[in-house]
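Accompanying notes for the structure given below.
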Amino acid sequence: QVQLVESGGGLVQAGGSLRLSCAASGRTISTCMGWFRRAPGKEREFVAAISWPGNSPYYADSVKGRVTISRDNMKNTVYLQMNNLTTEDTAVYYCAAFPSLYYSGNIDPTYWGQGTQVTVSI
């Protein structure tokens, strides 16, 4: 059974940075991985994804230019570096593993993490 465990969330001031990590266990994830988020009162939304083995990143327009997704395949871990955070980035961030090598908005993830809270204060 695959488990995805996120870490790195927390409280940060606007303009600050955070780096989220997602460690996979159970088996090697050799497919696309990504990050989603759910803000209070809103639906879960796509943030970023990265193909296998990691040469193609994808970003939501809302985070493009401020966020970088990367993966360390030896560590079975995906990262989300977030810079210049705003209060609009406050959300629970979820790691996900897709069944495909590349990201497509029409393909739902197979596995989800439990989420990590990111809170951006003024």
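Which count do you get for residues in the stretch 20-49 that are surrounded by 14 or more Cβ atoms within 10 Å (Cβ to Cβ), in contact (Cβ under 8 Å) with a residue 40 or more places away in the chain and not hydroxyl-bearing (S, T, Y)? Steps first, please.
Quick first cut of the stretch 20-49, residues surrounded by 14 or more Cβ atoms within 10 Å (Cβ to Cβ) only: 20-24, 29, 31-39, 44, 46-49.
This time we only want the ones that are in contact (Cβ under 8 Å) with a residue 40 or more places away in the chain, so: 20-24, 29, 31-39, 44, 46-47, 49.
Still in the running and not hydroxyl-bearing (S, T, Y): 20, 22-24, 29, 32-39, 44, 46-47, 49.
Matching residues across the stretch 20-49 total 17.
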**Asked** Would it be correct to say that P57 is over 15 Å from E6 (Cβ atoms) and open to solvent by 80 Å² or more (accessible area, probe 1.4 Å)?
**Response** no
**Asked** Restricted to the stretch 62-83, and to residues that are touching an Asp or Glu at 6+ places or on another chain (Cβ under 8 Å) and open to solvent by 10 Å² or more (accessible area, probe 1.4 Å), which residue is farthest from S51 (Cα to Cα)?
**Response** S62
**Asked** Which of the residues that make up the stretch 84-104 are assigned to a loop (DSSP other than H, G, I, E, B) and either without any contact (Cβ under 8 Å) to a residue 12 or more places away in the chain or open to solvent by 60 Å² or more (accessible area, probe 1.4 Å) (or both)?
**Response** N84, P99, L101, Y102, S104
**Item:** Where a residue in the stretch 2-16 is under 18 Å from Y94 (Cα atoms) and its partner, wherever it lies, is open to solvent by 80 Å² or more (accessible area, probe 1.4 Å) and not charged (D, E, K, R), with Cβ under 6 Å and at least six apart
**Value:** G9/Q117
**Qualifying strands (runs of 3 or more DSSP E) (wholly inside the stretch 1-67; at least 3 residues being at pLDDT 95 or above and within 16 Å of T87 (Cβ to Cβ))** = 10-13
**Request:** Give the stretch 105-122 a look and list any residue that's within 20 Å of S7 (Cβ to Cβ), in a loop (DSSP other than H, G, I, E, B) and open to solvent by 60 Å² or more (accessible area, probe 1.4 Å), or say none.
**Result:** Q114
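May I ask you to say which residue of G41, G26, G34, G113 is in contact with an Asp or Glu (Cβ under 8 Å, 6 or more places away or on another chain) and among the small types (G, A, S)? Write out each step before concluding.
Values: G41 fails: in contact with an Asp or Glu (Cβ under 8 Å, 6 or more places away or on another chain); G26 fails: in contact with an Asp or Glu (Cβ under 8 Å, 6 or more places away or on another chain); G34 fails: in contact with an Asp or Glu (Cβ under 8 Å, 6 or more places away or on another chain).
None of the other options fit; the residue is G113.
The values are calculated or read from the model by the stated rules, or taken from the named source; none is laboratory data. Values in this document were obtained by computation on a predicted structure and should not be read as measured data. Cβ atoms come from the backbone with ideal geometry, glycine included; neighbour counts cover every protein chain shown. Accessible surface is based on the protein model in full, side chains and every heavy atom, while ligands, DNA and RNA are left aside. Shrake-Rupley method; radii C 1.70, N 1.55, O 1.52, S 1.80 Å.
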